[in-house]
């Protein structure tokens, strides 16, 4: 038998290979797409200076080595498995600057763990698309002198134009492009290229803005005098700021109590330290108003929200990152603003549902802000007239410091609220507007006041039904009735039936598809129909509708609110986007067309949302010496949420609602994870959901007291965008145990073709 030659070295690999492995630098990379990582890659020597934490890199992924862009989350010497096995190389560094700072990297890591999603998905949400693509910039080649090129020109013996190029570049205060240098020398680019080839010049590829952001100046305003309650609230915030430590303060102030002025003067305090503030507002419609208010008091204000162009968003982001901005105003994503000197975070209308993201990562801006403020050691101020029950309970448990503003500015009274019982209106009511509301609108218009009408349903009619056979026109892809939209004077489109979930659209039918009956009935009420009724009954008054159908164009929110503030519009009709945060002194009447629209949804937060919406819209009036009044139309005047809202009585509502939540173990009395399972085949989807439920139940620890699993059950919207939907609710008093059970049960759960599942930690809606 032939003997094999013994290896020359006892160690495998050879000693010099071991030394090379130990000396190599490794970059840890995560991806926004599956598989999310993290994965280790070798950093080749030419890229050692460029590969840093917080930049994106291009790397080969998988057996096919397809090139993928990921985020570098760690750089260091090879250890563990990375020190003993072959690694693929980083191919390219995508970014010139760090996109994610160390504190933000730590925050996103926490978010991935808390919200049970991939780290790369969180990073992709944190860095705006316009920043990732370099929107509003162009690739530019810059020239620098090399060490050789810095030699005195007389010693280099160069042709005159090459010598002149080196001399001019040496005298320049900044790098020049080849075109700029060639123009300065008065030559073609051939001498420049010759200098590069000789090693006298080196090139750098960078990105430069195409055009600077131009803003119109805003007249400056002086600080307002605070009343006793406002000053006490400000003193508490300032004390926390001066201690330079984290504390969360809940500012519970009735509508019109001057919360914004308290925020502004607190921010003025930190700007004296050279620090920055982030102010979150719930609706894009509020952003222009809030921004103007802050710009009148501060020199450098930036805005971040989804209606900005990529170029605008990128330019604001860069200015924030450079520390040029004092105050960042924006919607929920502004919580990730790259402020290098953060001193304070403020969340106005902290109760609002729009602070919850409805796609991966399904974060809540308030909870992320709380974690960011804690990690960076800065105060967080939460403001609302109707705080979320989560925040209120934490204030009662002394996790948050509670401060109250019980009176409006100048002790103006809260508006008088009158209930219109629609059960008793009956034949008296013509259309959506009851007799009492009609008379009140007439009087308001005669007195040169303005009216706000709230209806949280868009479209013309909310249902299309055949009165003969009862057939309802439904979306073929969703378990939802189609909404009737009428064509407008400015639209050439035919009347349409639209699904507000998947945007399926057909021409509105004139006869029943089932029985052929030609007397189709359009029922229910939307903002389009309300607008038509207002125009017909009040032809002398200018009317404007604000909903997601009319406010799609960039800048439309700002334009509409500016017209209303200027008095061009007397009657403003809209959905919840007009219900909060807006301050119009001439609004003397608010009408809630149907306070019951969300009251009876199959969701444990339905009562809370109804109370908040009615209370907030009622607060839009009575903000001047003219006073104001509110008419609330409802079929459920005795409901606790309606009754408490009518009396502006938050404590009454909380005292009734919180015990119910505690009795049934719903948030904020417990933590919740919702899992939505969806698939194109009902049977397969149901079987998968049941297997997940069995695994979750099997992962319960022996001492699982307080841990509950509800479901599987069909979701309230059982079919959406062609997918059948079931959901599970996992509830526990201990949020960490909740996540542990979930991870244990699902880490090796086999996938099934055509079935997807979505995790929603701390869900804000169960629809």
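Assorted remarks:
- With respect to the stated conditions, residue 141 is closer than 30 Å to residue 313 by Cα and in contact with a helix residue (DSSP H, G or I) (Cβ under 9 Å, 6 or more places away or on another chain).
- In a residue-by-residue description of the stretch 78-89, the property of being farther than 25 Å from residue 43 by Cβ, surrounded by 15 or more Cβ atoms within 10 Å (Cβ to Cβ) and in contact (Cβ under 8 Å) with a residue 12 or more places away in the chain applies to no position.
- Filtering the stretch 544-559 to residues that are farther than 17 Å from residue 457 by Cβ, touching a residue at least 24 places away in the same chain (Cβ under 8 Å) and not in a loop (DSSP other than H, G, I, E, B) leaves 544, 557, 558.
- Among the residues making up the stretch 154-168, those that are touching a helix residue (DSSP H, G or I) at 6+ places or on another chain (Cβ under 8 Å) and either within 12 Å of residue 185 (Cα to Cα) or assigned to a loop (DSSP other than H, G, I, E, B) (or both) are 158, 159, 161, 162, 163, 164, 165, 166, 167, 168.
- Residue 497 vs. criteria free of Cβ contacts under 8 Å to residues at least 40 places away in the same chain, closer than 28 Å to residue 717 by Cβ and not in a loop (DSSP other than H, G, I, E, B): yes
- Some residue of the stretch 580-598 being touching a strand residue (DSSP E or B) at 6+ places or on another chain (Cβ under 7 Å) and at positive phi: yes
- Test: residue in the stretch 145-153 that is assigned to a helix (DSSP H, G or I) and farther than 28 Å from residue 207 by Cβ: yes
- The selection criterion, being in a loop (DSSP other than H, G, I, E, B) and under 24 Å from the mean Cα position of the chain (by Cα), holds for residue 604.
- A single entry from 252, 314 fulfils the requirement of being in a strand (DSSP E or B), in contact (Cβ under 8 Å) with a residue 60 or more places away in the chain and farther than 23 Å from residue 376 by Cα: 252.
- Count - residues of the stretch 169-185 that are touching a residue at least 24 places away in the same chain (Cβ under 8 Å) and either over 19 Å from residue 147 (Cα atoms) or not in a strand (DSSP E or B) (or both): 7
- Residue match in the stretch 678-698 (condition: within 25 Å of residue 367 (Cβ to Cβ) and assigned to a loop (DSSP other than H, G, I, E, B)): no
- In the stretch 443-465, the residue that is surrounded by the fewest Cβ atoms within 10 Å (Cβ to Cβ) out of those that are within 20 Å of residue 626 (Cα to Cα) and touching a helix residue (DSSP H, G or I) at 6+ places or on another chain (Cβ under 9 Å) is 449.
- Meets criteria (crowded, with 23+ Cβ neighbours inside 10 Å and either part of a helix (DSSP H, G or I) or within 20 Å of the chain's Cα centre (by Cα) (or both)) for residue 614: yes
- Total residues in the stretch 65-87, condition part of a loop (DSSP other than H, G, I, E, B) and at pLDDT 90 or above: 2
- Annotation: residue 297 fulfils all but one of (1) under 24 Å from the mean Cα position of the chain (by Cα); (2) outside any helix (DSSP H, G or I); the unmet one is (1).
- Of everything in the stretch 23-32 that is surrounded by fewer than 21 Cβ atoms within 10 Å (Cβ to Cβ) and under 18 Å from residue 100 (Cα atoms), the residue that is farthest from the chain's Cα centre (by Cα) is 28.
The values are calculated or read from the model by the stated rules, or taken from the named source; none is laboratory data. Please read all numbers here as calculations on a predicted model, not as lab measurements. Virtual Cβ from ideal backbone geometry, glycine too; neighbours counted across all protein chains shown.
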